[in-house]
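Here the structure is laid out as structure tokens; the discussion comes afterwards.
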Amino acid sequence: MTHEETLVPTDVLLVAVPETSGSVLYGMVDMLSATSWLWSELVGKVPSPSPLRPRIVAPEGAPFLCSNGVPVSPELAVDDDPKAPIVIVPELLLVPDGAVEGRYPALLEWLRRRHATGSMLYSSCSGSVLLADAGLLDGCHATAHWSDETRYRKAHRRVEFDRAPALVAASDTIVTAAGTSSWQDLLLHIIARHCGPREALQVARINLLRWHSEGQLPYVALHRRERHADRGVRDVEDWLEHHFAEPQAVAGVVARSALAERTLKRRFKRATGHTLIDYVQNLRIEEAKRQLAEEGRPSEEVAAAVGYENSAFFRRLFRRLTGVTPGQYRTMFQPIANAGSAPIQSLLAKA
């Protein structure tokens with residue numbers, strides 16, 4: 001009997017709750033299950049079994065529907081207290097004000113037990129919210145989808161939320177991944193860490209994956225209206241949406257508000273979480289991103305159009321807020337913006 005035939009696969013437990021993204025959950029199951037053997041099949045070698053055995057664990061063992069009605073049939077229940085060296089919490093589909101706090105106390109206690117007994121814990125996207133609810137991220141750096149930043153700021157203030165990287169190690173035994181497709185980066189990390197770099201490279205080549213070295217910043221929506229009760233601040237936000245590109249936008253909105261400058265700035269920061277100047281810069285760079293991707297304009301023209309006479313300052317600010325240069329951003333996103341209008345012949349020619 002060969003070594004491959006006697007290999008005992010490593011158990012990987014995937015947490016599923018009704019808020020779980022079905023596509024991510026089963027994408028993980030497929031990719032983990034296919035590690036090693038699928039590559040061997042494709043290149044004509046003797047197949048070796050996957051070194052990983054993914055299984056789904058849920059608060060209860062009965063089948064249920066997760067997000068968007070995807071059926072889930074758990075193999076294990078939390079009450080069974082299943083154990084494994086690797087535990088993954090996939091993405092949760094949560095609206096900005098949605099919460100899972102208090103819904104799954106037994107699951108959170110189980111996650112704490114797994115952490116205490118040495119399991120490696122991984123989360124993708126907003127799955128890290130469950131780790132935060134369990135108190136496992138307190139005092140640590142962590143990430144999730146960029147839209148979860150407000151949730152962390154309000155509900156998990158002891159967590160140092162970092163929206164920039166694709167992956168963040170909260171500790172030696174906890175790794176969190178950023179938004180949505182970063183689960184693929186997470187699985188490549190898990191496979192490389194627990195099976196070896198060769199297996200991770202094979203998975204990447206089979207699935208046409210690439211590492212998101214640019215992180216999450218290029219994808220962040222810099223301008224998002226926060227819900228708050230300050231009508232005066234809402235009026236300021238409304239005005240800025242139409243006048244942010246004016247050379248003296250901050251001075252103009254202060255004059256229009258009829259409030260003392262210090263008072264307005266204090267109220268604005270309290271209501272929105274941003275300073276006035278940061279808010280204006282976010283509006284400007286968000287519009288710059290649209291023009292670069294949809295119109296393909298040179299960065300100097302874009303800088304002037306959004307309110308910056310100094311194009312060098314614009315480029316520095318753009319890179320600080322997005323993690324890439326204006327030219328890199330155009331290269332990343334203009335093909336997507338043009339995807340529906342490009343003739344099929346040109347798409348085939350580039351294939």
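Derivation of every value follows stated rules applied to the coordinates shown; laboratory data play no part. Values in this document were obtained by computation on a predicted structure and should not be read as measured data. Every residue, glycine as well, gets a Cβ built from its backbone with ideal geometry; the counts of neighbours run over all protein chains shown.
Structure notes:
- Counting every other Cβ atom within 10 Å of each residue's Cβ, Leu32, Leu76 order from fewest to most as Leu76, Leu32.
- Full-extension gain in nm, Asp235 to Arg262, via 0.36 nm per residue minus C-alpha separation: 8.0 nm
- Rounded to the nearest 10 degrees, the angle from helix 197-206 to the longest Cα principal axis of the chain is 70 degrees.
- Footprinting exposure proxy for Lys83, Lys289 (fewest neighbouring C-beta atoms within 10 Å first): Lys83, Lys289
- Inverting the pair-averaged 1/r between distinct Cα atoms of the stretch 229-285 gives 11.1 Å as its Kirkwood hydrodynamic radius.
- Residues Glu91, Glu160, sorted so that the one with the fewest Cβ neighbours within 10 Å comes first: Glu160, Glu91
- In the stretch 195-271, the inverse of the mean reciprocal separation of distinct Cα atoms equals 16.3 Å; this is its Kirkwood hydrodynamic radius.
- Descending semi-axes in whole angstrom, ellipsoid equivalent of the chain, from the Cα gyration tensor: 42, 27, 16
- 27 Å Cα-Cα reach of Lys289 towards lysines, excluding residues that sit fewer than 8 places from it in its own chain: Lys265, Lys269, Lys350
- Ratio of the Cα radius of gyration of the stretch 105-145 to 2.2 N^0.38 Å, where N counts its residues: 1.08
- Note on the stretch 231-336: Cα-only Rg and Dmax are 14.8, 46 Å.
- Intensity falloff of the stretch 1-156 expressed as log10 I(q)/I(0), Debye formula with alpha-carbon point scatterers, at q = 0.10, 0.17 Å⁻¹: -0.39, -1.00
- Translational D in µm²/s for the stretch 90-161 (Stokes-Einstein at 25 °C, 0.890 mPa s, Kirkwood Rh from C-alpha pairs): 199
- On Cα atoms only, tilt of 182-194 relative to the major axis of the chain in degrees: 40
- Within the listed set Asp79, Asp230, Asp162, the Gaussian network model of the chain (springs between alpha-carbon atoms below 10 Å) gives the highest mean-square fluctuation for Asp230.
- The Cα-based radius of gyration of the stretch 216-259, divided by its Kirkwood radius, gives an Rg/Rh of 1.05.
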